[in-house]
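Taking it in order: structure first as structure tokens, then the write-up.
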Amino acid sequence: MLRLAAGILLTPVLWAAGRDTVLFDTDSGLFGDDGAALVMLVRSPSQVTIPGITIVPGNVWPTQGAEYMMHILDLLKHSQIPVYTGAQAPLLHTAAMAHESERRWGKLEFMGAFAEEAKPSERRSHREGAVQFLISEIERHPGELTILAIGPMTNIALALRLKPEIETRIKRIVFMGGNVGVPGNASASAEFNFWFDPEAARIVMRSRIPKKVMFALDICNTAPIRKAEFDQVAAVHTPITDLFREDLGNRYPGFLHNPAATGYMWDSLAAAYLLDPGFVTKSEIRYLDVLTAWGRFYGSTVPLDRRTAPDATPVEVMRTLDFKRVFAIYKDKLTRQD
Ligand code: RIB
Ligand code: CA
């Protein structure tokens with residue numbers, strides 16, 4: 001009897017200990033794939049806990065990004081999760097460079113925040129200090145934290161430069177970014193997150209973070225969201241699916257105007273990995289780097305010359321997946337009524 005009572009008392013403690021603590025670093029969007037990733041994790045409290053969200057420039061500038069994320073948290077009734085802004089711009093890349101690259105080497109498919117002016121916030125309830133927050137959380141929980149990086153890596157690179165010793169205290173980084181053997185989606189040769197801040201991505205690829213799990217375009221291209229998948233989520237009516245319908249239906253990729261459009265799960269694949277890594281059916285270990293010489297290949301993913309970074313840890317590159325299995329998680333989490 002006593003043993004049974006002790007078992008019952010211990011259960012919540014063990015259950016909490018099994019949860020992954022995830023630092024959620026995002027370049028946001030009205031909803032898109034960053035919003036889907038957030039919904040999936042917030043709606044998985046038995047598996048994941050999120051101590052805070054850090055916003056990085058990418059799809060939009062950070063003040064706007066913070067507002068988007070706080071709105072989704074409000075809809076999820078989880079407004080208590082703090083949202084921090086940090087870097088206000090990439091380490092080196094600028095809008096002027098992006099425009100000049102278009103003039104020299106042809107139109108970019110997507111330039112994110114570089115296409116817009118940074119606007120002042122209407123509602124400044126987010127906090128500042130994302131980089132310090134990342135550092136202090138990692139220092140408080142050495143070896144325990146997962147970073148989910150689903151935007152450019154500016155905040156993370158700054159944290160690694162301010163406190164290099166945190167590199168080996170991070171449990172792992174799971175990220176969406178880069179393109180190993182396929183064309184880019186920002187420029188012809190580079191994926192957007194790496195392209196927007198190539199120097200930051202390079203710092204992370206060359207770091208000693210013990211485990212690096214990469215969802216590059218190669219695997220993301222095999223997880224498209226088409227009108228048929230969009231309809232399955234949009235058919236359900238909740239505040240979250242209404243936002244999903246508005247964003248994916250009327251903005252990007254615009255299924256309500258163009259039923260032949262295609263979007264991708266992108267960041268939501270990286271988030272799903274934290275809930276069910278078994279949907280990945282093949283991966284491989286590589287040492288990778290990012291090209292930072294400004295030119296038409298700026299931001300593309302290349303093999304690492306290990307003599308230049310002998311301490312760099314390898315990257316586990318996710319290769320193939322079970323789409324039915326991962327889409328079932330996406331759909332289930334997005335369409336919940338809570
Ligand atoms: O290349 C896809 C990435 O760029 C995703 O993180 C998406 O949200 C955009 O930022
Ligand atoms: Ca993103």
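Here L92 and E246 are evaluated by their C-beta separation; at R0 = 41 Å the FRET efficiency comes out at 0.75. Label R161 and T238 with points 7 Å out from Cα along Cα→Cβ: what is the distance between them in nm? Taking the simple label geometry, R161 and T238 are separated by 4.1 nm.
Would you mind calculating the relative contact order of the chain from Cα pairs under 8 angstrom and at least 6 residues apart, reporting the percent as a whole number? 19 percent. Simple spin-label estimate for F110 and S136 gives 3.3 nm between the two label positions (7 Å along the Cα-to-Cβ direction from each Cα). Spin-label model, R208 to T320: label points 7 Å out along the Cα-to-beta-carbon direction sit 3.7 nm apart. Each Lys and Arg contributes +1 and each Asp and Glu -1, all at the Cβ; summed about the Cα centre of the chain, the dipole is approximately 680 debye. Over 19 Å apart at the Cα level, from the set K77/K227; K211/K331; K212/K333; K171/K331; K211/K282; K77/K333, are K77/K227; K211/K331; K212/K333; K171/K331.
Classify segment 47-205 as rounded, prolate or oblate, taking a ≥ b ≥ c as the square roots of the eigenvalues of its Cα gyration tensor: rounded when a/c is under 1.5, otherwise prolate if a/b is larger than b/c and oblate if not. In terms of gyration-tensor shape, oblate.
Shape index of the chain: Rg/Rh, with Rg the Cα radius of gyration and Rh the Kirkwood radius from the inverse mean 1/r over Cα pairs, equals 0.96. Counting only DSSP H runs of at least 4 residues, each contributing -39500 (n - 2.57), and dividing by the residue count of the chain, the helix-based mean residue ellipticity at 222 nm comes to -10500 deg cm²/dmol.
Of the residues Y298, Y287, ranked by 1.4 Å probe accessible area with the largest first, the sequence reads Y287, Y298.
Using a probe of 1.4 angstrom, how much of the accessible area of segment 62-146 is carbon and sulfur, in percent? Heavy-atom surface of segment 62-146 belonging to carbon and sulfur, 1.4 Å probe: 51 percent.
The residues of the chain present an accessible area of 43 Å² per residue when probed at 1.4 Å with all protein chains retained. Residue ranges 233-243, 181-191 sort as 181-191, 233-243 when ordered by packing (mean number of other C-beta atoms within 10 Å per residue, highest first).
The calculated FRET efficiency for the pair A309 and D231, based on their C-beta separation and a Förster distance of 51 Å, comes to about 0.65.
Taking Lys and Arg as +1 and Asp and Glu as -1, the other residues whose beta-carbon sits under 12 Å from that of N221 total -1.
Inter-part distance, segment 267-328 to segment 80-99, computed on C-alpha centroids, equals 22 Å. Counting charges near K171 (Lys, Arg +1; Asp, Glu -1) among other residues having Cβ under 10 Å from its Cβ returns a value of +1.
The values are calculated or read from the model by the stated rules, or taken from the named source; none is laboratory data. Everything numeric in this text was worked out from a predicted model, so none of it was measured. When we count neighbours, we look across all protein chains shown, and the Cβ atoms used for this are built from the backbone with ideal geometry, even at glycine. To get the accessible areas, we keep the full protein, side chains included, count just its heavy atoms, and leave off ligands, DNA and RNA. Shrake-Rupley method; radii C 1.70, N 1.55, O 1.52, S 1.80 Å.
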